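Below: the structure, in structure tokens.
The values are calculated or read from the model by the stated rules, or taken from the named source; none is laboratory data. Keep in mind that what you see is a predicted model, and the values were worked out from it rather than measured. So basically every Cβ, Gly included, is an ideal-geometry build from the backbone, and we count neighbours across all protein chains shown.
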Amino acid sequence: MSTNAVQIRDLTRHVGESVTLRGWIARKRSSGKIKFLVVRDGTGLLQCVASAKDVDAELFEFLGTPTLESSVEVEGVVREDKRSPGGVELTLQALRVLHLAEEYPIQPKEHGVDFLFDKRHLYMRSRTPQAVLRVRNEVIQACRDFFYERDFVLIDSPILTPAACEGTTTLFETDYFGENAFLAQSGQLYLEPACMAFGKVYCFGPTFRAEKSKTRRHLTEFWMIEPEVAFLELPGLLELGEQFVSYIVSRVLDRCRDQLDFLERDITKLEAIRAPFPRLTYDEASKILTTEDSQAQMREAGAPLFEHGSDFGGFDETILTAKFDKPVMVTHWPAEIKAFYMQPDADDPSKALCVDMLAPEGYGEIIGGSQRVHDHDLLLSRIEQHGLPVEAFQWYLDIRRYGTVPHSGFGMGIERCVTWICGIPHLREAIPYPRQIHRLYP
Ligand code: 4AD
Ligand code: MG
């Protein structure tokens, strides 16, 4: 077999030519005198047609044999066909079955979600996962390009770590040759030193949170992209965040239109995503959430009533973001409900110089970030207040001993971003093999 066989995506350039293609049988149907095979090769779908009067009887008979998802090689002439999905179809001349599939468990009917994800290794072949995972691919490439084009240096952070970054309640613990090690919740602590070395850095990798709740927004293993910049303060961080997200959305609009169309995503909603994004302080957001009207909505939905000083629940985020057609950046949160490393606001030290970016249409938090505490003694007292082991943080405190400067960064969960851009209801669809409290298989 040659490696440069034609791909379905490129067939419009081969109209009138005879080509050979390899793929899998996605669908088949027969109307007596005409047989249709729809072949999938990962780049698209191709309808292959044979009519009894044009092909020999033996081949015509044989076209009925391959089962769904059998791997095949087809040969035929490419014809323009405006009604076909890719604009072309194939007039079949030959078919070879490479492997005759056993009865395929995913049939063209409705299956339950649990069933589909038990069969994720096969479900990937279906059209919705194909569309979503291609958008994911584009989002990730856009993230990398964005930082590369702006001279950020990629610094890979470790996955096995001696200490917590985002609170001790969601740590996955492992036995590291008799010592405790934790799966990384974030690469941030390792990026801060790196930005003092390179100026602008980012990391991108899997992160782990032992989230015991089962929600559509939480995975136990997810991918996070995190920039960190020396001499950057909160206002600059907000600009970086809105530039970043606008760039990603425009790349997906540019290069994944077919996928978005297949997912029936409302494109106009994405076209509106252009910097600048609205900014709200926590107190301003809290005012919106405590109006009569908002509280009535919460009561009606049976959601917990928001109280000033607390974190936002899913429904609070929905109410807030419904007021904007762009992501909204909520800043200056009460320091006590945020992470130990966040720099206090000089004007009101009870508030942290931080940001949560909330996606529109009820998708909730996609980015969390802050300016970091850069004073040694303040950071030390924060580590102690949070009951974290000071010894394990000595290296991190070092950054505040040798030429400390203000610096800031954020993290964006790739799956949160993909879920929002695709307009799908659940994060599990946005990662190839989701890990959730009740899912470790396949
Ligand atoms: O807000 P978080 O917890 O922030 C951090 O981890 C910082 N250390 C990042 C930084 O400043 N470098 O998480 C950042 C983002 C969230 O906004 C969300 O998009 C995603 O990570 N995220 C999750 N995604 C899926 N499942 C979960 N359980 C997630 N928890 C956070
Ligand atoms: Mg957060």
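Overview of values
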read-out	value
Residue within the range 1-18 that is over 25 Å from Arg255 (Cβ atoms) and at pLDDT below 95 present	yes
Single condition Ile34 does not satisfy, out of (1) more than 25 Å from Asp258 (Cβ to Cβ); (2) modelled with pLDDT under 95; (3) of a type in the set (A, V, I, L, M, F, W, C)	(2)
Residue among Arg209, Arg216 that is touching an Asp or Glu at 6+ places or on another chain (Cβ under 9 Å), under 29 Å from Gly313 (Cα atoms) and touching a residue at least 12 places away in the same chain (Cβ under 8 Å)	Arg209
Complete set of residues in the range 110-144 that are charged (D, E, K, R) and touching a residue at least 12 places away in the same chain (Cβ under 8 Å)	Asp118, Lys119, Arg120, Arg125, Arg127, Arg134, Arg136, Glu138, Arg144
Of all residues in the range 159-170 being more than 16 Å from ligand 2 (Cβ to nearest atom) and of a type in the set (A, V, I, L, M, F, W, C), the one that is farthest from Phe204 (Cα to Cα)	Ala163
Qualifying residue in the range 216-228 (condition: within 16 Å of ligand 1 (Cβ to nearest atom), modelled with pLDDT of 95 or more and over 16 Å from the mean Cα position of the chain (by Cα))	yes
Out of Tyr190, Tyr202, sole residue that is of a type in the set (Phe, Trp, Tyr), surrounded by fewer than 22 Cβ atoms within 10 Å (Cβ to Cβ) and either without any contact (Cβ under 8 Å) to a residue 60 or more places away in the chain or part of a helix (DSSP H, G or I) (or both)	Tyr190
Pairs, first at pLDDT below 95 in the range 45-70, second hydroxyl-bearing (Ser, Thr, Tyr), C-beta under 7 Å, six or more apart	Gly64/Ser30
2 or more residues β-branched (Val, Ile, Thr) and in the same structural domain as Ile366 (by TED's automatic domain parsing): qualifying helices (runs of 4 or more DSSP H) within the range 227-320	234-255, 267-271
Residue in the range 44-65 that is aliphatic (A, V, I, L, M), outside any loop (DSSP other than H, G, I, E, B) and closer than 23 Å to Gln130 by Cα present	yes
Looking only at the range 394-411, and only at residues there that are of a type in the set (Gly, Ala, Ser) and crowded, with 19+ Cβ neighbours inside 10 Å, the one that is farthest from the chain's Cα centre (by Cα)	Ser408
The range 319-373, subset touching a Pro at 6+ places or on another chain (Cβ under 9 Å), closer than 22 Å to Arg400 by Cα and not polar (S, T, N, Q), residue farthest from ligand 1 (Cβ to nearest atom)	Lys351
Output for the range 160-185, where each listed residue is in a loop (DSSP other than H, G, I, E, B) and within 14 Å of ligand 1 (Cβ to nearest atom)	Ala163, Ala164, Cys165, Glu166, Gly167, Thr168, Thr169, Thr170, Leu171, Phe172, Ala184, Gln185
Lone unmet requirement of (1) surrounded by 16 or more Cβ atoms within 10 Å (Cβ to Cβ); (2) more than 16 Å from ligand 2 (Cβ to nearest atom) for Thr321	(2)
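So that you can scan it fast, the table gives a plain yes or no per residue for (1) in contact with a Leu (Cβ under 9 Å, 6 or more places away or on another chain); (2) surrounded by 15 or more Cβ atoms within 10 Å (Cβ to Cβ):
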{"site": "Gly167", "(1), (2)": "no, no"}
{"site": "Phe198", "(1), (2)": "no, yes"}
{"site": "His218", "(1), (2)": "yes, yes"}
{"site": "Trp223", "(1), (2)": "no, yes"}
{"site": "Val245", "(1), (2)": "no, yes"}
